[in-house]
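Student: After the structure tokens below, expect a handful of questions from me.
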Amino acid sequence: MISRVRSIIIRFRFWHFGEWRDVFVDDRLPTYKGRLIYLHSTNPTEFWAALLEKAYAKLYGCYESLQGGCTTRALQDLTGGIVQSFGLSNQDRYLTFQVLNSAVPRSSLLISSINQEKDNKRQLRLRNGLITQHAYSVTGLARVRGPLGETPLVRLRNPWGRGEWTGPWSERSWEWDGLSERDKELLSVRVRNDGEFWMSFEDFARHFTHLDLVHVGPDDWMVEPALHSKQPWRAVLARRRWRSGYNAGGGPGYTETTATNPQFHIQIPRASSNKCHVVVSVTQYYETHPVETKKKKALYAIGFAVYEIPHSMARVTPHFVIDQKPLDVTNHSVAREVVTFFTLPPGDYIVLPQTNVPNCDGKFLLRILTDEQSNIWEVNEDNMVFRNITSEFLEEAPLLVIIYSIYLYLGYLSDKPSLELCKSLIMLRDYNISGRINLMDIPVLMHMLHFWRIAFQKFVRVGHGTKTSSYNLRALLWEAGSTASNKVLECLVLRFSKSKILTSECFVMAMVRLHLAHDDPNDHLLLTILMAAVGP
């Protein structure tokens, strides 16, 4: 973790929003009357902890920023893992054991503690040998069969090397007399370090009040030799953002817009008979040391919902959200990271990262860990026009109907169209780029305009005239016979909506852009056309 770059410069690495950030400090430490002011060791020649604290203070701006810090935040900054916290006092015992059973064999660090009342922060040694306000590592699990039946055991370690458990299954307790010599030898071999001891799972769940899990991803597992004896998690990471008017649809309570949030599909093969342990984490972008001229960005209340879907279903829709309850919804909290552990049977699931309320702009990091083979991808569509209205009209309509349609569809242009709309419609039939179209092209354009406006009216609320929410654009495109990828849809919203409102004219111009570019095999032309008036 520490490496010398020059004689007095030391480099530390801290995790920040999915990346490792280098922090350089010199070896000067603040003192008062010859003694270190902040963190110090009982060994007067040991300074690594004080230097680590100095680098950490630099990361967050000053030493004062470290006062009253959060344990989970520090664990994540130092390890880069997904940090999950459990309160054991009121937790279901079966779920607690499932979490331990899944995490212990894998590249997860487990820290348990006994937290006293908020007003009492002093460390106390209890009669059973345990120490309050102190971190114990959970290092193993075992099941033994004795005179009283099968007993699950938990192995813990006090990093101090003293202060061990003195209750049942402690080093000299009578419970060991009921075990076979083979079991005794096996369990004694597993206790390799000073300060390590066994206790029953029931006693563990009864006496310990808090459990922190640090799930280390496969990349960090590879560079940490101490974890190579454990099985690595399978991991998927995605950096995305919520954008107001496009995919910041809010929580499940906002049934009309919550389905517009980014969607990620988890497929656990049905051929597998095993349940899959899944850890889902959503981290919103945070600032450790904001620029002086900028205010520190406030955190949103974030969370996510998980829906089980049929195998044939590609995307969660507003109708599905209304009809089906989510499999699980996290408590939306104003936190840097929200984490939940699942045990899922084979099937298909959709994860929707979300803010508590709609229209919150911000970046987020989604991490999904699984212990079994699974397929995970972001739900997306291709850029295509799957219904060619022009060819349908020309094939089915006789000449008199075409001529008559000119007068019929002029009624849909009662509002004076803008010059930009007229130019856009001409572009659809101006194959020679002359700025002119033939007379026979007019009914074709009128028919397309009529079809698009009928589709648009299905999403207009009574009393809202010719306007609808920009969150409806994906459904509008489908109704009009087109689909667009997430990136293209975002560009369309940026280009053609205003204050999260989409007018009928802007929708028509968006459809024109899609029709002009959908034949291009690459998305570059389409994105260039869309972004030309958007900017970076």
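Student: Just need a number here: residues in region 466-492 that are part of a helix (DSSP H, G or I) and farther than 23 Å from Arg240 by Cα.
Tutor: Selection size over region 466-492: 3.
Student: Within region 210-221, does at least one residue satisfy the condition of being assigned to a helix (DSSP H, G or I), closer than 30 Å to Gly80 by Cα and without any contact (Cβ under 8 Å) to a residue 40 or more places away in the chain?
Tutor: Start the filter on region 210-221 by keeping residues that are assigned to a helix (DSSP H, G or I), which leaves 218-221.
Of the ones still in play, those that are also closer than 30 Å to Gly80 by Cα are 218-221.
This time we only want the ones that are without any contact (Cβ under 8 Å) to a residue 40 or more places away in the chain, so: 219.
Within region 210-221, one or more residues are assigned to a helix (DSSP H, G or I), closer than 30 Å to Gly80 by Cα and without any contact (Cβ under 8 Å) to a residue 40 or more places away in the chain.
Student: Keeping to region 308-336, report how many residues are outside any loop (DSSP other than H, G, I, E, B), without any contact (Cβ under 8 Å) to a residue 60 or more places away in the chain and within 15 Å of the chain's Cα centre (by Cα).
Tutor: Counting residues in region 308-336 that are outside any loop (DSSP other than H, G, I, E, B), without any contact (Cβ under 8 Å) to a residue 60 or more places away in the chain and within 15 Å of the chain's Cα centre (by Cα) gives 3.
Student: Follow-up question, since we're still on this one. Could you list all residues from region 121-177 that are touching a strand residue (DSSP E or B) at 6+ places or on another chain (Cβ under 7 Å) and among the hydroxyl-bearing types (Ser, Thr, Tyr)?
Tutor: Answer for region 121-177, where residues must be touching a strand residue (DSSP E or B) at 6+ places or on another chain (Cβ under 7 Å) and among the hydroxyl-bearing types (Ser, Thr, Tyr): Tyr136, Ser137, Thr139, Thr151, Ser170.
Student: Here is a follow-up. Evaluate the following for Tyr246: is it surrounded by 13 or more Cβ atoms within 10 Å (Cβ to Cβ), in contact (Cβ under 8 Å) with a residue 40 or more places away in the chain and over 28 Å from Gly81 (Cα atoms)? Talk me through it step by step, then tell me what you get.
Tutor: Numbers: surrounded by 13 or more Cβ atoms within 10 Å (Cβ to Cβ): yes; in contact (Cβ under 8 Å) with a residue 40 or more places away in the chain: yes; over 28 Å from Gly81 (Cα atoms): yes.
The answer is yes for Tyr246.
Student: Identify all residues within region 337-374 that are at pLDDT 95 or above and either assigned to a loop (DSSP other than H, G, I, E, B) or not assigned by TED's automatic domain parsing to the domain that holds Asn247 (or both); write none if there are none.
Tutor: If the condition is that a residue be at pLDDT 95 or above and either assigned to a loop (DSSP other than H, G, I, E, B) or not assigned by TED's automatic domain parsing to the domain that holds Asn247 (or both), then Asn356, Val357, Pro358, Asn359, Cys360, Asp361 are the ones that fit.
Student: Quick check on this structure: which one of Val83, Val99 is surrounded by 19 or more Cβ atoms within 10 Å (Cβ to Cβ) and either among the aromatic types (Phe, Trp, Tyr) or part of a strand (DSSP E or B) (or both)? Spell out how you get there, then give the answer.
Tutor: Values: Val99 fails: either among the aromatic types (Phe, Trp, Tyr) or part of a strand (DSSP E or B) (or both).
Residue meeting the stated conditions: Val83.
Student: Given the structure, is Asp92 surrounded by fewer than 18 Cβ atoms within 10 Å (Cβ to Cβ), more than 20 Å from Asn158 (Cα to Cα) and acidic (Asp, Glu)?
Tutor: When the stated conditions are applied, Asp92 passes them.
Student: Only residues that are assigned to a strand (DSSP E or B) and either touching a residue at least 60 places away in the same chain (Cβ under 8 Å) or surrounded by 20 or more Cβ atoms within 10 Å (Cβ to Cβ) (or both): list them for region 494-517, please.
Tutor: Leu502
Student: Let me ask another. Here is a list: Ser273, Ser281. Which entry is out of contact with any helix residue (DSSP H, G or I) (no Cβ under 6 Å at 6 or more places or on another chain), assigned by TED's automatic domain parsing to the domain that holds Thr343 and surrounded by fewer than 22 Cβ atoms within 10 Å (Cβ to Cβ)?
Tutor: Exactly one of Ser273, Ser281 is out of contact with any helix residue (DSSP H, G or I) (no Cβ under 6 Å at 6 or more places or on another chain), assigned by TED's automatic domain parsing to the domain that holds Thr343 and surrounded by fewer than 22 Cβ atoms within 10 Å (Cβ to Cβ), namely Ser273.
Student: Looking only at region 243-270, which residues are touching a helix residue (DSSP H, G or I) at 6+ places or on another chain (Cβ under 8 Å) and of a type in the set (Val, Ile, Thr)?
Tutor: Of everything in region 243-270, those that are touching a helix residue (DSSP H, G or I) at 6+ places or on another chain (Cβ under 8 Å) and of a type in the set (Val, Ile, Thr) turn out to be Thr255, Thr257, Thr258, Thr260.
Student: Could you check how many residues of region 61-80 are surrounded by 15 or more Cβ atoms within 10 Å (Cβ to Cβ) and in contact with an Asp or Glu (Cβ under 9 Å, 6 or more places away or on another chain)?
Tutor: The total comes to 8.
The values are calculated or read from the model by the stated rules, or taken from the named source; none is laboratory data. All of these numbers come straight from a predicted model, not from anything done at the bench. Cβ coordinates were reconstructed from backbone atoms using ideal geometry, including for glycine residues, and neighbour counts include every protein chain displayed.
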